[in-house]
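Worksheet: the structure to be examined is printed underneath.
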Amino acid sequence: MTFFSREYEVFLLLAAPDAAPLWNAAQWTPFAASLDGLIAQTRGKAGVRSHQYNPKGKPIAFGRLGWDAKSHAKWTHTAATTQARFMTLEAWAPTWALCEKDDQAPDLFLALANESLLGLAGKPLQFGQRLVCAIATDMGPEAAATLQAALAQLAAQQDAVVFARTRRQWGRASPYGGFTGAIQDMLIGGLFQPDDPHARPLDAATFREPWTRISN
């Protein structure tokens, strides 16, 4: 099996514009705990990366982050870190380095973005956060069900405007070698058609690929 051909159940959650940010410690801690069991089932320790900026616009260095309480406390926001500007978070289980070494895509992948920092400042938003989670189908149907249940609870808490799933490979073979359209690239460049998703209905025509809505 090539790196990109591994099959995944992929979930998409678009939170209501006024939903509490998932990067707040009070929101992230229970959500992360709901995924701890799945993370423990993966073939190696998870790695986490977060892009955030200080009030002067300079990147904040967090050092090496994993999936544990100490790491969560470093990047999540509390009353003491309200000046930090969260942009994105990415978690690989196992780490991206091990995935490259194994030549196998991750068992579990998660990516989160702050919508207010992805477009024009001050424009009206239909959703305030976008979250993509993917779990390899060879992890078993129970693992996918566990992930969906955790996300369904989060979707209800965040009054999600879209909660949906699809099945696809990690990437698609490129005629020039390698692959394109990886799940890791969906969050920023692979979810929507070129038009502004906040300026059109969030219907099937707005998305680059088909999604099946999940009631929440």
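Pairing each residue of region 40-56 that is closer than 20 Å to GLU100 by Cβ with any residue that is in a strand (DSSP E or B) and among the small types (Gly, Ala, Ser), provided the two are 6+ apart or on different chains, yields C-beta distances under 6 Å for THR42/ALA93; ALA46/ALA91; ALA46/ALA93; VAL48/ALA91. Restricting attention to region 152-164, the residues being out of contact with any Lys or Arg (no Cβ under 9 Å at 6 or more places or on another chain), surrounded by 15 or more Cβ atoms within 10 Å (Cβ to Cβ) and closer than 20 Å to LEU35 by Cβ number 6.
Taken over region 39-51, residues that are touching an Asp or Glu at 6+ places or on another chain (Cβ under 8 Å) and either buried (at least 19 other Cβ atoms within 10 Å of the Cβ) or of a type in the set (A, V, I, L, M) (or both) amount to 3. Residues that are open to solvent by 20 Å² or more (accessible area, probe 1.4 Å), at negative phi and of a type in the set (D, E, K, R) within region 103-145 comprise LYS123, ASP138, GLU142, listed in sequence order. Filtering region 1-38 to residues that are in a strand (DSSP E or B) and open to solvent by 10 Å² or more (accessible area, probe 1.4 Å) leaves GLU7, GLU9, ASN24. If only residues of region 52-99 that are among the small types (Gly, Ala, Ser) and outside any helix (DSSP H, G or I) are counted, the one that is most open to solvent (accessible area, probe 1.4 Å) is ALA61. No other residue among LEU13, LEU35 is in contact (Cβ under 8 Å) with a residue 12 or more places away in the chain, in contact with a Phe, Trp or Tyr (Cβ under 7 Å, 6 or more places away or on another chain), within 27 Å of ARG213 (Cβ to Cβ) and not β-branched (Val, Ile, Thr) apart from LEU13.
The residues of region 65-107 that are modelled with pLDDT of 95 or more and in contact with a Cys (Cβ under 8 Å, 6 or more places away or on another chain), listed by number, are TRP92, PRO106. State yes or no: is ASP68 closer than 29 Å to SER215 by Cα and either more than 14 Å from the chain's Cα centre (by Cα) or among the hydroxyl-bearing types (Ser, Thr, Tyr) (or both)? Spelling it out, it is not the case that ASP68 is closer than 29 Å to SER215 by Cα and either more than 14 Å from the chain's Cα centre (by Cα) or among the hydroxyl-bearing types (Ser, Thr, Tyr) (or both). Do we have GLN153 as within 24 Å of LEU22 (Cα to Cα) and modelled with pLDDT of 95 or more here? Here the answer is yes, as GLN153 does meet what is asked.
The values are calculated or read from the model by the stated rules, or taken from the named source; none is laboratory data. Just so it is clear, the structure is predicted and the values come from calculations on it, not from any experiment. With ideal geometry, Cβ positions are generated from the backbone for all residues, glycine too; neighbour counts draw on all protein chains shown. The area values use the complete protein model at the heavy-atom level, side chains included, leaving out ligands, DNA and RNA. Shrake-Rupley method; radii C 1.70, N 1.55, O 1.52, S 1.80 Å.
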